[in-house]
Each structure stands twice: as structure tokens, then as C-alpha cells.
Amino acid sequence: MPDSRPLLLVAGAGDTGGRLAVRAADAGWDVLALRRREVPMGPGVRALRADLRSGEGLAALPRQLDALVYCPTPDERSEDAYRVLYRDGLRRLLDRGEIGRVLFVSSTAVYAEDAGGCVDEDTAVDATVFNGRVLREAERELDPHPDAAAFRASGIYGPGRERMWRRAREPRPGEPRWTNRIHVDDVAGALLHLLERPRIARAYCGNDDAPALEHEVIDGLRARLDLPALGAAPGPVTGKRVSNARLRGTGWAPTYPSWREGYATPPA
């Protein structure tokens, strides 16, 4: 008998996409996980090898998909690498055939705000740095699609992502800068939640419930490492505070509502 499960393509099944693929398979989706390198995937997930930058291997994909989640990671941090992967790669997939719902994992880097103000989905996307500008270009590829959304994730953290722990061990104070984050498991959960909603908006900010000043986070992690607090470095308050109200309004709630839960245990 033909498979009656809805077909989902996770394009860029790395850490975030791989977690989503496993969750979606458990929830009853028929999942194709696309990666540039062959790696074992979770149970119920079919792995495919293809290159989103060049298009190599994409001919093997089905022309009809019930849903696409586009969440690759560039190999290098340059404007050309971002444009080829995010804008051109997404366009290539959208042009291939008939796709139902589309979610593109973008970033809150599309917002230029840097004076401590709040941003949400109605804030102007006016980034001047290259990554934010290119991601906004990629978001525009969704405009002709009737059922698509940009998921603007803030700083994704979780197992294996230990930058803040390393930073907390350094003997220098944190900045008086607003920071925003979301646990990788909450990203996967939010994406699956949006895939299964009857209707979606055109954009969502993916963030936990509690933007925090960097120096507060650093000193909080230092306390968990039995290190003394350092306070804030001198200077004005900068950064932005990202609101998750629209995403919350769909019925989603983070498992890790703040950095305190997400960074509960120092890495071994």
C-alpha cells in the first residue's frame, strides 16, 4: 500500500535539522533528511546525500513534498557563502516542484536594532551587516509561496555548543549588552509545532522567554563554575530584546524558558 504519511524534507539536517527530523518521524511524518555528507540518522528518517550549494544530488528528490524545512549551515562566514547557500539554495528547492508548507530557519540578525530596544515580527528588517542582509534576501524567496514562514532564530545553544561556558571561564567581565537565545531542542520543537499548525503567519521570532544582559549570564555561569562574579564592563547598554509573543500565541512554549534552565549543568 502507498505510504499515507505526509512527506517532509529537512534540507540541512545537521544538529538542529537532525533533531527536527527525529521528532517529525516520531510524530508520524515520512521524513527525508538531506545532508552533504552521509551520516547515520535517527530511526524512521531516510537520509539523502546532496549539496544545496551546487544542486548536486537534488535530482533524486521527489517533485512533490507536503513540507520543507530549510535549515542548512554555511561552511564559512562570508557574504558569498551565505548567498549561495541560503538564497540560491532555497530558490533552487522552491523551483523544483510542488511544495506544501515551507519553513526557512533565518535569524534575528535581520534586525539592525542595537540600542537595547525590543524587536518582533513587525519591526523593520533593516540589517546592515552582511549575514542579516543575505538572510533577508533569502526570506524574500518565500514571498510568492502561499504557505511559508521565516523562523528568525536568536542564538541557538545546547549540547556541544559551549561558547558561553568558555567565555564564562575567561577573567573578563561581560558586556552590558542585551542577548537572546533559544535552546536547540526548543527550535526543533517550535518547527514541528509550526509544521502541524492549520495556518501560519509569514514570520516568527524564535527566542526563549527571557532576553538577558550578557554580564548577567556570564556571572550566572561563573557562579555555577564556582568562580567569582565580575560585574559589567563599562559602556552603554547595547543589543536588542527579541519578543517571542507571536510564537507563544500559537500555543508553543519553550522547554528551556531562560538561560538558567538551558545552562543548568556545566559541561564535563
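The values are calculated or read from the model by the stated rules, or taken from the named source; none is laboratory data. Values in this document were obtained by computation on a predicted structure and should not be read as measured data. We place every Cβ from the backbone using ideal geometry, glycine too, and count neighbours over all the protein chains shown.
For the reader, a short list of remarks on this structure follows.
- Look at segment 113-135: where a residue is under 12 Å from Ala203 (Cβ atoms) and a partner is among the polar types (S, T, N, Q), sitting 6+ places away or on another chain with Cβ atoms under 8 Å, you get Val119/Thr108; Val119/Ser243; Asp120/Ser243; Leu135/Ser106; Leu135/Ser107.
- Single condition Leu90 does not satisfy, out of (1) touching a strand residue (DSSP E or B) at 6+ places or on another chain (Cβ under 9 Å); (2) of a type in the set (A, V, I, L, M, F, W, C); (3) at pLDDT below 95: (3)
- All of Leu52, Leu9 fail the test of being assigned to a loop (DSSP other than H, G, I, E, B), crowded, with 19+ Cβ neighbours inside 10 Å, at negative phi and under 19 Å from the mean Cα position of the chain (by Cα), apart from Leu52.
- Selection status of Ala47, part of a loop (DSSP other than H, G, I, E, B), in contact (Cβ under 8 Å) with a residue 12 or more places away in the chain and small (Gly, Ala, Ser): no
- Residue among Asp26, Asp75 that alone is at pLDDT below 95 and within 27 Å of His183 (Cβ to Cβ): Asp75
- Residues of segment 93-109 that are within 24 Å of Ala188 (Cβ to Cβ) and more than 13 Å from the chain's Cα centre (by Cα): Leu93, Leu94, Ile99, Gly100, Arg101, Val102.
- Flag if Glu162 is under 25 Å from Glu113 (Cα atoms) and either in contact with a Leu (Cβ under 7 Å, 6 or more places away or on another chain) or touching a residue at least 12 places away in the same chain (Cβ under 8 Å) (or both): no
- Whenever a residue of segment 202-220 is buried (at least 21 other Cβ atoms within 10 Å of the Cβ), its partners that are of a type in the set (Phe, Trp, Tyr) and not in a helix (DSSP H, G or I), lying with C-beta atoms within less than 7 angstrom and at least six residues away or across chains, give the pairs Tyr204/Phe151; Gly206/Phe151; Asp208/Tyr256; Pro211/Trp178.
- Pair list, Cβ under 6 Å, 6 or more apart: segment 65-83 residue touching a residue at least 60 places away in the same chain (Cβ under 8 Å) and of a type in the set (A, V, I, L, M, F, W, C), other residue buried (at least 21 other Cβ atoms within 10 Å of the Cβ) and in a helix (DSSP H, G or I): Ala67/Leu195; Val69/Leu191; Cys71/Thr16; Cys71/Gly17
- The residue pairs whose first member lies in segment 1-23 and is farther than 21 Å from Leu58 by Cα, whose second member is modelled with pLDDT of 95 or more and acidic (Asp, Glu), and whose beta carbons are closer than 7 Å, counting only pairs six or more residues apart or on different chains, are Asp3/Asp30; Arg5/Asp30; Arg19/Asp185.
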